[in-house]
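Participant: Got a structure for you, written out below as structure tokens; questions coming shortly.
The values are calculated or read from the model by the stated rules, or taken from the named source; none is laboratory data. The structure displayed is predicted, hence computed values, not measured ones. Note: ideal-geometry Cβ built from the backbone for every residue, glycine included; neighbour counts use all protein chains shown. Heavy atoms of the whole protein, side chains included, go into the accessibility calculation; ligands, DNA and RNA do not. Shrake-Rupley method; radii C 1.70, N 1.55, O 1.52, S 1.80 Å.
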Amino acid sequence: MNSSKADSKGRTFKFQAEVQRILDILINRLYKNQEIFLRELISNSADALHRMRIAQLETKDPILDPNAELGIKITFDEDENTLTVSDTGIGMTYKEIRTNLGTIAQSGTLEFLQQLEDSPDAINLIGEFGVGFYSAFIVAKEIIVRSRSYPEDSRGVEWRSDGSGKFSIAYIDKPERGTEVILYLKDDAKEFANRFKLESIIKKYSDFVGFPIRIGDDDQIVNRQVPIWYQSDEVTDEEFNEFYRQVSLDWTEPFHRIHLSVDAPIQFRALLFLPNQRNRMMMTSMYQDYGLRLYSKKILVQEKAKDLLPEYLRFVFGVVDSEDLPLNVSREVIQVDRTIRRISKVITGKILDELEKVADENEDKFLSWWAQFGVFIKEGITQDEKRRKNLLRILRIQTSKSGDQLISLTKYIERMPKEQEEIMYLLGENLAILKRSPHLEYYEKLDQEVILFDDPIDSFVMMHVQEFQDKKFKPIDQAEPAKDKEEEMAEKEEKEEEPEKDSFLTHIKELLGDRIIDIRYTEFLTDSPCRLVNPSGTATFTRVLKYMDENYVPQKKIMEINANHPLITHLKTLVEKEPESPLIQTCALQLLENQELAEGTLQDPTEMVKRVNQLMQQVLNKSRK
Ligand code: ADP
């Protein structure tokens, strides 16, 4: 073995600044789980082996060691304190080794550095940020990488560094294809030059790596090789969770795991995880970093296959492996592939079924998940017409009677009084406003429950939903639909005796001008003097417009009056006795703007403040007399 002293031959290069920053952190900190370095080196080797397998299929030029077994070998020397990970993978050329082990290709490094600064546990994620190799500096004071690329006419190269700013590269004689990473272990990492230790780390992290791993010159293979999604009984929760960590970058436990093996009509296996916590990125439409890992016969076909699940399920992590899929399929083919579409159908259905099951079995657990992910289900309701029914069963709602606990639509229907025929709902800015809304009074009196929707997405949801379990949804802040002709005629006849037009309403309408569409009496109020309703059939759509158009001007509404309210009866008396009194207009405007204020649609509060001050002045003047 070469000496660990700096080599005089070859050229010296400086690490890219970001790499050096990572190295400084890795070298100077003490980590609880130093051992992850081995997982990273093995994973790099497995990657190189995987690429070798593909190169064997695709390359026409002569290949070095064409018959060498694709595998990984780990050797150690207890006296020298060295540990070597070697593979018969694709290897690296001079140029490749220089860029691969000196610069960082992936973005997100800064994000990783930040996480590492905040919490040392984030070291676990090092491989996912494309800098796994450098984790070897947690245990090594010097590293030598010897590599030879796979074409027959390639040359061997040697890279070495002690992690302090620079690395050197030189050409060497290396007869075999592949890469050899030699670690000179730090004094506090000598324990890794030990067979038992190495074996237990490999079992823990790399058991399912798809290539044989051997220790020393022993022929015995240490790892199981079979991917985790091909196993069932023998895998522990811990092993599944470790796998989840790798695919999700989330080091908390998953919310739910789905393990599927389907044979007909298509053959496939899937191992899917629903997270407990959503990450910020998932929320934006810019988030493109989702997708399941797609394998064909254990070989990775696509890292982030977006076509396996509808977009609203973009929070799901996992793998799908199908024997019915060709190995080299392009993105374009995947998009239209029938097998993919059928797999997608099955796993989407399964995910929704499982969610429904968890919701039934463990309400508290489900509700805390819902708080994070409910918005994705709502997005699904707006997009996925075929599964809308299933999604509606998962939907959880706040109602005028549900208190702090959300309930399901099924439960809402169970609780409906016999005479109630429709599912009542109200859209609004926030729960506080909704709970005080005058629209609720009528239903409270009838002991009927009203769904309170306070999220902007809810109005989009209600644009797409007409009914659930044969019950129609009905917004309660909307005028009753116009009666058909016959009904109208019948009513007119009945009313013949009554005066043509109510002079009070006409008077108020005149004073309010075009601030309202119309004015009329209503039976839907008990405690409030008036309310504002949308013209029939427009309540939901109006709200959607509000969120879609930034120049949105609030739509005018119909004012409905509670004839029995003392404020109204007094105002009526005033109109009869003193029709010219300026107080009438002041009161009419104030009634209107009180409602607008409560609903968050008041355009200009300054006039209102002046008016309230005037009113107070008048009251005070009176009380002094
Ligand atoms: P990542 O593997 O996530 O890209 P690393 O820092 O671990 O990041 O490795 C950087 C690059 O170095 C790899 O992408 C790969 O091209 C190359 N590399 C590392 N180890 C090997 C190996 N054993 N054989 C061939 N190439 C390797």
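Participant: Among the numbered criteria (1) of a type in the set (D, E, K, R); (2) more than 30 Å from Asp61 (Cα to Cα); (3) within 16 Å of the ligand (Cβ to nearest atom), which single criterion is violated by Asp187?
Facilitator: (3)
Participant: Would you check which residues across region 522-569 are among the aliphatic types (A, V, I, L, M), modelled with pLDDT of 90 or more and open to solvent by 20 Å² or more (accessible area, probe 1.4 Å) and list them? Working first, answer last.
Facilitator: Here is the first cut: in region 522-569, the ones among the aliphatic types (A, V, I, L, M) are 525, 532-533, 539, 544-545, 548, 553, 558-559, 561, 563, 567-568.
When the remaining residues are screened for being modelled with pLDDT of 90 or more, the result is 525, 532-533, 558-559, 561, 563, 567-568.
Within region 522-569, Ala563, Leu567 qualify.
Participant: Shifting gears a bit: Hey, does region 54-62 have a residue that's more than 11 Å from the ligand (Cβ to nearest atom), open to solvent by 80 Å² or more (accessible area, probe 1.4 Å), within 14 Å of Pro151 (Cα to Cα) and assigned to a helix (DSSP H, G or I)?
Facilitator: yes
Participant: If the requirement is being in contact with a Lys or Arg (Cβ under 9 Å, 6 or more places away or on another chain) and under 26 Å from Tyr205 (Cβ atoms), which of these qualifies: Ile72, Ile36? Spell out the reasoning first.
Facilitator: Working: Ile36 fails: in contact with a Lys or Arg (Cβ under 9 Å, 6 or more places away or on another chain).
Going through Ile72, Ile36 in turn, the sole match is Ile72.
Participant: Looking at Ala193, Ala189, which is the one that is farther than 24 Å from Gly91 by Cα, surrounded by 19 or more Cβ atoms within 10 Å (Cβ to Cβ) and within 41 Å of the chain's Cα centre (by Cα)? First the steps, then the outcome.
Facilitator: Numbers: Ala193 fails: within 41 Å of the chain's Cα centre (by Cα).
Matching residue, one of Ala193, Ala189: Ala189.
Participant: From the set of residues in region 570-580 that are part of a loop (DSSP other than H, G, I, E, B) and either small (Gly, Ala, Ser) or free of Cβ contacts under 8 Å to residues at least 40 places away in the same chain (or both), which is surrounded by the fewest Cβ atoms within 10 Å (Cβ to Cβ)? So that I can check it myself, show each step before the final result.
Facilitator: In the first step, residues of region 570-580 are kept if they are part of a loop (DSSP other than H, G, I, E, B); the result is 578-580.
Checking which are either small (Gly, Ala, Ser) or free of Cβ contacts under 8 Å to residues at least 40 places away in the same chain (or both) leaves us with 578, 580.
Working: Glu578: 11, Glu580: 5.
Out of the qualifying residues, it is Glu580.
Participant: Here's something else I'd like to know. Residue check: is Glu323 closer than 23 Å to Asp263 by Cα and open to solvent by 40 Å² or more (accessible area, probe 1.4 Å)? First the steps, then the outcome.
Facilitator: Numbers: closer than 23 Å to Asp263 by Cα: yes; open to solvent by 40 Å² or more (accessible area, probe 1.4 Å): yes.
Spelling it out, Glu323 is indeed closer than 23 Å to Asp263 by Cα and open to solvent by 40 Å² or more (accessible area, probe 1.4 Å).
Participant: Against the condition charged (D, E, K, R) and touching a Gly at 6+ places or on another chain (Cβ under 6 Å), how does Glu419 come out, does it pass?
Facilitator: The answer is no for Glu419.
Participant: Next question. Identify the single condition in (1) outside any loop (DSSP other than H, G, I, E, B); (2) over 19 Å from Gly210 (Cβ atoms); (3) among the small types (Gly, Ala, Ser) that Ser261 does not satisfy, given that it satisfies every other one.
Facilitator: With (1) outside any loop (DSSP other than H, G, I, E, B); (2) over 19 Å from Gly210 (Cβ atoms); (3) among the small types (Gly, Ala, Ser) applied to Ser261, the lone miss is (2).
Participant: Please enumerate the residues belonging to region 416-435 that are in a loop (DSSP other than H, G, I, E, B) and either of a type in the set (Ser, Thr, Tyr) or in contact with a helix residue (DSSP H, G or I) (Cβ under 7 Å, 6 or more places away or on another chain) (or both).
Facilitator: Hit for region 416-435 is Gly428, nothing else.
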